[in-house]
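Please read the structure below before turning to the comments.
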Amino acid sequence: MDSQIEISDDDDSFNGPGCSTNVQNNPKEDVIAISSDEEFNKFSFDNDFMSDDEDSSVVVAKKKAAVKSLFSSKSRKGKGNDKNKQRKAAVKALFPQKQNVSVPVVKSVKTRPPIEPPKDVFNKMIEGVNVMLPVNPYGSQIALMSKIITAIKKKENCILESPTGSGKTLALLCGALAWQQHEQKQLGQTQAQHYFTKYPEIKKDGVADYISSPIHLKTDATPEKLFSKNNFGEKSIYYKPEENGESSSTATRQEKTPYRQISEEESPCNQVTIHKRPRLGSGEYEDTAKFSLPHTPEKSTTEKNEKAETPESIRNLYDLVENLRVCTSMFVGSSLPTIYYGARTHTQIKQVVKEFKRTSYCGMMKMTLLSSRDKSCIKEFDRSVWSSRNDMCRACVKPIRRGSNKENSNCKFYDNRTALNHKCMPAAFDLEDLVEIGREKEACPYYGARAMAKTAHIVFCPYNYLIDPSIRSSLSIDLTGAVVIIDEAHNIEGICRDVASVDITQLQIQNAIKELETVSQYRFANQDVEYYIDGLLNTLNSWNYWFQNQIPLINQQPVNNNEAIYKWQQTADFVNTLNNHNIGYVQYADFKRNAESFCRRLREDASTLYGVTQATGTLLESMDMALGFLFRDHCQHMDDFKPALIKHVTGKTSAPSATTGWRSSQFNDDEKNWVSKEALTLSLICMNSGIVMQALQTARCIALASGTLTPLISLHSELETTFPHRVSPNHVIPGDRVWIGTLLGDATGDVCYNASGASSPRGQRALGAAVLRVCRLTAHGVLCFLPSYSLLDRLIKEWQETGVWYELNQLKNVFCERRSDRDHEETMNDFYQTVGTTKGALLFAVYRGKVSEGMDFKDQQARAVICVGVPYPNLYDTGVSAKMQYNDKYMTEKNLLTGKEWLRVQAYRALNQAVGRCVRHRGDWGAVLLVDSRYRQEYYTEHLSKWVKRFLGNNHHTYESLSTSPNGLAAFMQKMKIVEEEESLKT
């Protein structure tokens, strides 16, 4: 039969002689198979093809002509709709609908999507470890991988500063996972050699690799294949000596062959006689019927007999190897260090997971990610019943017995949590994927991800999960011997201080007392919790009494910005007040024991603590942690904390005057005239980040990575942690694709955008003119960073009055960063939708805000970034001023920066973060304009990132030179416009 012509139901899919498209590339439901000549005669055609007086030769000729027209060369060369129309017309003419056509239909065959070609893998031997990368790495990436591999091997810490766009995340992942895989192989091989000593019968080439391979990875090798092959000069395990010197395998092979017979009587010269093969049905064939047809050795009778006769059978040997592989995998899994990769937010983690998916280690090394209940709980939340998702979860997951002693809970998702595991999850998944799959399987993503963390090789999570002791405890995170990578670690000092700091309000204390009193009423039902409930009630009542006794202190303080603050000059004086109220160092041990027992019961069986909310548990955990740091090592860290008592006031209670109305005073002369919107607040502020980092020292290696860690020297002293390995490579962006310059002022002179300069009318007018000029010169996206939200509000008000705001809206779609998460998300969605249009978009944001911290603005989304002023922290903030005083006091003793220098470092880390929004990859390009006359001085450029200083040089401009200078912004934008057009033509 001639080759078949296959016609798919899809008009675009044909397969026949001379047609390049095949069925495998076009998987469809049904395929019609028509033979060239034989099958065509079975069809009945319309009168257009056949008349009564035509003979068969004419009919066949017409049939062939129809097929030829269907698959003509012109039809194959046709494109788009013309091609489809020609084929449809041909098929319609060949098989008209009005005629019943009997078409033999081949059974539908669903084929899998085409398999993607294997990823390009670039192997680099770095520090004795083979690293597989999906791209040919930059020099900066090799430097990063070298440092992190060395640090992990030596069990030391490292600081990795790499500019944005240099492939930092990919280098960190590949370097750490390559070392982990290398360690996995070594541990497996060592364990396999140990098994060879104990079981010498399994020692054979390839067995060690098979035993050491993880059980979750498929391998081509099997015990049967491994032991069926001989090493050179060795005998097979099937070899069994016989009395006549003939091997059992030979005898078995002779016995199984019905058409090959050896007879020494017929052949005295020991020659083999080959008899003629008998015919089927002949008598000779019946004589040989006693021989079985050839079949697999596993099913042979001889092998079954051999297995029964052998004390240690081959199958037992196979089972032994399989069991050893499982044991090795379990041993390696328990011994292999886990990698914890922390980023600032889940949005950043999503980008990290995306990079992990690109690597060859995706699928080889198992992953999971951790999140909060608010992010991953899929149970319907009723705000009228529960105050928070945590309260709902803790109340619903308590096991209850329902028939046949089977324990379930009130949450079906929790009961089905094990349905989420590494077998059903994709090799790489982010939080959205986890929640979506959890909904499909009706399984809890929160508890499912936690369970997967026990066997995962790498765990992704927000880095406060790793730093905060209370979160580590609640999620059962053990960092002992683990590899900890903290990405975007430029705020690590502040994060650690915030973790050890606590704000305790009198209202929180009073609410907790009410809840514990409710629990204590059920003494008969909760006899086992009576002892620590009473202890906590005594402690909290003492705290409430302490707050009452501090009111005279706060009444003597002036009111500024609706706040009255009292600061203890010496922390020892504050501790003495706690001791006098029986809540000090001596009583802390009992409080800690009671708080831990209470919080454990709240986590495990919240229903027995009727009426207690998660707020009380959180309060007790926070107090326990902060007081634990304060009293650690017999109060040795007491001076590392700054206590302050704060009272918020909002207005007067007396009636207004008929002539003057309400009278406000800066000072609180008459306390009776003021009311407090909230209860008194005790703010216990931590000054030393090192007391938090000490808990992380049990890790094998701590790697801090960011694009803006300069100056690196402060991290050692602030974190009280040594970092022997440091690297800060250059930027991979070519110098001709980045423009960095300064704007010193307006046409009348220099403008300094400090607190007074930014608030002056002249400064606001000059800034408005500068933003307008940048927007006129720049296509698509422009970002403008300001020191504070208050300055942004003043600028908008001023520009609306002068008409600048209207001009900006005519040039760009203007957006402003929003404080709330929901409003911010909506704003960013609108920005991304309009930034690619011809008009483009302008986004105003603040330093240290949501936009400046890790958000990605690629290509057209940020062709220019305007950075206004030097973003120093607020000096009036209690924590900032206390930290500066602390550094000045312990500068020599603890090798700290001075308070003023520390303040400058914080400012430039925020500035460098904002500058980093400009260029996000090697092919990107953009401009950065630093607006402040102070950047003319070297003092104000010293702490800029190394790549920023290199590109900046002496590129200082006035308002006019931005457009007229050959090195100005206008010249750069014009050049890049030409370059972009040339690049688009090449692609």
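Among the residues of segment 867-890, is there at least one that is under 22 Å from His921 (Cα atoms) and in contact (Cβ under 8 Å) with a residue 40 or more places away in the chain?
Start the filter on segment 867-890 by keeping residues that are under 22 Å from His921 (Cα atoms), which leaves 867.
Then keep just the ones that are in contact (Cβ under 8 Å) with a residue 40 or more places away in the chain; that gives 867.
Within segment 867-890, one or more residues are under 22 Å from His921 (Cα atoms) and in contact (Cβ under 8 Å) with a residue 40 or more places away in the chain.
Of the numbered conditions (1) in a loop (DSSP other than H, G, I, E, B); (2) farther than 27 Å from Ala971 by Cβ; (3) in contact (Cβ under 8 Å) with a residue 24 or more places away in the chain; (4) touching a helix residue (DSSP H, G or I) at 6+ places or on another chain (Cβ under 6 Å), Cys752 fails exactly one; give the number of that condition.
Going through (1) in a loop (DSSP other than H, G, I, E, B); (2) farther than 27 Å from Ala971 by Cβ; (3) in contact (Cβ under 8 Å) with a residue 24 or more places away in the chain; (4) touching a helix residue (DSSP H, G or I) at 6+ places or on another chain (Cβ under 6 Å) one by one, Cys752 breaks only (2).
Can you tell me how many residues in segment 331-353 are aromatic (Phe, Trp, Tyr) and modelled with pLDDT under 90?
So the answer is 1.
If we keep just the residues of segment 699-737 that are of a type in the set (Val, Ile, Thr) and within 30 Å of Gly899 (Cβ to Cβ), which is modelled with the highest pLDDT? Reasoning before the result, please.
Pass one, segment 699-737, residues of a type in the set (Val, Ile, Thr): 702, 708, 710, 713, 721-722, 727, 732-733.
Add one more test, that the residue is within 30 Å of Gly899 (Cβ to Cβ), and what stays is 702, 708, 710, 713, 721-722, 727.
Numbers: Ile702: 96, Thr708: 78, Thr710: 69, Ile713: 69, Thr721: 91, Thr722: 91, Val727: 89.
Once the filter is applied, the top-ranked residue is Ile702.
Give Val905, Val915, Val979 a once-over and let me know the one that is under 28 Å from Ser166 (Cα atoms) and buried (at least 22 other Cβ atoms within 10 Å of the Cβ).
Numbers: Val905 fails: buried (at least 22 other Cβ atoms within 10 Å of the Cβ); Val979 fails: buried (at least 22 other Cβ atoms within 10 Å of the Cβ).
None of the other options fit; the residue is Val915.
Surrounded by fewer than 20 Cβ atoms within 10 Å (Cβ to Cβ), within 23 Å of Asn895 (Cβ to Cβ) and of a type outside the set (Asp, Glu) - does that describe any residue in segment 697-711?
Yes, that holds for at least one residue.
Any idea which of (1) closer than 25 Å to Tyr872 by Cα; (2) in a helix (DSSP H, G or I); (3) at pLDDT below 90; (4) not acidic (Asp, Glu) is the one Arg917 doesn't satisfy?
It fails just one condition, (2).
Can you work out which of the residues in segment 867-897 that are charged (D, E, K, R) and closer than 21 Å to Glu563 by Cα is surrounded by the fewest Cβ atoms within 10 Å (Cβ to Cβ)? Quick ask: steps written out before the conclusion?
Quick first cut of segment 867-897, residues charged (D, E, K, R) only: 877, 883, 888-889, 893-894.
Within this subset, residues satisfying the condition of being closer than 21 Å to Glu563 by Cα are 877, 883.
On the way: Asp877: 10, Lys883: 25.
Top of the filtered list is Asp877.
Please go through segment 136-145 and pick out each residue that is without any contact (Cβ under 8 Å) to a residue 60 or more places away in the chain and farther than 10 Å from Cys174 by Cβ.
Matches in segment 136-145: Asn136, Ile142.
Of (1) aliphatic (A, V, I, L, M); (2) assigned to a loop (DSSP other than H, G, I, E, B); (3) under 33 Å from the mean Cα position of the chain (by Cα), Ala845 satisfies all except one. Which?
(2)
Give the residue that is nearest to Ile349 (Cα to Cα), with candidates limited to residues of segment 408-429 that are loosely packed, with under 15 Cβ neighbours inside 10 Å and among the charged types (D, E, K, R).
Lys423
Answer with yes or no whether Thr616 is in the same structural domain as Glu517 (by TED's automatic domain parsing), surrounded by fewer than 20 Cβ atoms within 10 Å (Cβ to Cβ) and either in contact with a strand residue (DSSP E or B) (Cβ under 9 Å, 6 or more places away or on another chain) or of a type outside the set (D, E, K, R) (or both).
no
Looking only at segment 188-215, how many residues end up being surrounded by fewer than 18 Cβ atoms within 10 Å (Cβ to Cβ) and part of a helix (DSSP H, G or I)?
10
Does segment 759-777 contain at least one residue that is at pLDDT below 90 and either part of a helix (DSSP H, G or I) or touching a helix residue (DSSP H, G or I) at 6+ places or on another chain (Cβ under 9 Å) (or both)?
Yes, that holds for at least one residue.
Working carefully through the options Lys235, Lys218, find the one that is among the charged types (D, E, K, R), at pLDDT below 80, closer than 23 Å to Val121 by Cα and not in a helix (DSSP H, G or I).
Lys218
Could you say whether any residue in segment 957-972 is aliphatic (A, V, I, L, M) and surrounded by fewer than 15 Cβ atoms within 10 Å (Cβ to Cβ)?
no
What is the residue count in segment 502-520 for residues that are within 24 Å of Ile551 (Cβ to Cβ), out of contact with any strand residue (DSSP E or B) (no Cβ under 6 Å at 6 or more places or on another chain) and β-branched (Val, Ile, Thr)?
Of the residues in that region, 2 qualify.
What about Tyr908, is it over 29 Å from the mean Cα position of the chain (by Cα), farther than 26 Å from Ile978 by Cβ and aromatic (Phe, Trp, Tyr)?
So Tyr908 does not fit the description; no.
All but one of (1) under 23 Å from Ile471 (Cα atoms); (2) more than 44 Å from the chain's Cα centre (by Cα) hold for His637; which doesn't?
(2)
Is it true that Asn562 is surrounded by fewer than 14 Cβ atoms within 10 Å (Cβ to Cβ), touching a strand residue (DSSP E or B) at 6+ places or on another chain (Cβ under 6 Å) and assigned by TED's automatic domain parsing to the domain that holds Gln521?
Criteria met by Asn562.
Could you tell me whether segment 787-809 includes any residue that is more than 29 Å from the chain's Cα centre (by Cα), surrounded by fewer than 16 Cβ atoms within 10 Å (Cβ to Cβ), more than 19 Å from Lys858 (Cα to Cα) and basic (Lys, Arg)?
Within segment 787-809 (the criterion being more than 29 Å from the chain's Cα centre (by Cα), surrounded by fewer than 16 Cβ atoms within 10 Å (Cβ to Cβ), more than 19 Å from Lys858 (Cα to Cα) and basic (Lys, Arg)), the answer is yes, since at least one residue qualifies.
The values are calculated or read from the model by the stated rules, or taken from the named source; none is laboratory data. Given the structure is predicted, the values throughout are model-derived calculations rather than measurements. Every residue, glycine among them, receives a Cβ derived from its backbone with ideal geometry; neighbour counts consider all protein chains shown.
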